[in-house]
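The values are calculated or read from the model by the stated rules, or taken from the named source; none is laboratory data. If you're wondering where the values come from, they're calculated on a predicted model, not measured in any experiment. A quick note on method: Cβ atoms are made from the backbone with ideal geometry, for glycine too, and the neighbour counts reach across all protein chains shown. Ligands, DNA and RNA are stripped out before the accessible areas are found, and what is left, the full protein with its side chains, is counted by its heavy atoms. Shrake-Rupley method; radii C 1.70, N 1.55, O 1.52, S 1.80 Å.
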Amino acid sequence: LPEGVEVGGFCVATAPHAGERRRFKAVLLGVRSFGVPLHVKFVGTEAGEPFTQLSAPSTATTFLFASQVSAWTPPEQRPGEAAASPSSAAENRKLRVRSSASGLVLPRTGVPAGPAAGAAGAEGWLSGGPHVGQRLLRRLEGHGDIGAVVRLYLPPGEAEDEPALWRIEHDDGDGEDLEENELLEAIARRSGTLVSATKHARPLHVAALAEELRSDAEAVAVFEAAQRVKKAKQNVDLEVAGWRIVYKQRGDKSHGFGDLYVYEPGEATVNCNHGGACRSMGSLHEVLLQRADAKRTGERWKPPLLGSEVEVEVE
């Protein structure tokens, strides 16, 4: 549960209202162990005032993620409810509440995530600007990847701690504010550029062994055998130095004559995702380099999984 929230107690929860997603006072009715977990009932506005016909959300009860629920504090106990002083403007501009359960950041600016908040002058948020309207893929702990779209743009302020912000709306109607590095990462994730280096760093076609492998009898035997099999293009299943080399002709040859599969002895090939097989000479060459390096160092390097985040150093 989010900090300060308990079953039977008051909380702040989001709900659709007039085409937007807004925050309301609610009661947490219960928690289930599957699907969307938190069952809430809306009982008043975020300020704790009774609903009117115009202020009530479009649903009386609903199930929400932990990221959509936070602790409720009576208005008189909330710091900064009075007009913000100039010295606190920078902090209020970036004020957010973060759920430790999901890592999702929800804005507390009072501006809805949806497009209705896009009019210029709503706390400086603009419905036009860089990246507005662009699709992205946001990765949230516990929820995986969630599609979203950039709705609003807040230009940077004059102070150093007032960076530009982008308000995005998730496909489920929730929203959050992102700084530029977070935004660009989410845009890159959707376009696939975050994993393109992993996809293309290894060449598919390698015609000859690297010099460091030419004195390795196992590497020479396996590489040359795979070359012969690939060139012959005949159905074959053979063993060379403990490696299994398979070639399968395709029934439909409009997209190639056949497929090569080379299986490393003793374990699944960590460098490939096709049932443990290397399916190109480039993949095989990479695995041979890894094995040669392991013989020298006693430790086998394993590439990160496709799609995983990595840290790199650029010289």
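In the assembled protein chains, Asp171 presents an accessible area of approximately 100 Å² (probe radius 1.4 Å). Straight-line reach from Lys231: taking Cα to Cα under 14 Å and skipping same-chain neighbours fewer than 8 places apart, the aspartates and glutamates in range are Asp259. Residues whose amide H lies under 5 Å from that of Arg244, counting only those 5 or more places away or on a different chain, are Tyr263; hydrogens are built 1.01 Å from N in the peptide plane. With a Förster radius of 22 Å applied to the C-beta separation of Arg139 and Ala164, the computed FRET efficiency comes to 0.55. Measuring only protein heavy atoms, the 1.4 Å probe finds Cys278 accessible over about 0 Å².
Largest first and in whole Å, the equivalent-ellipsoid semi-axes of the range 12-69 read 20, 11, 9, each the square root of five times a Cα gyration tensor eigenvalue.
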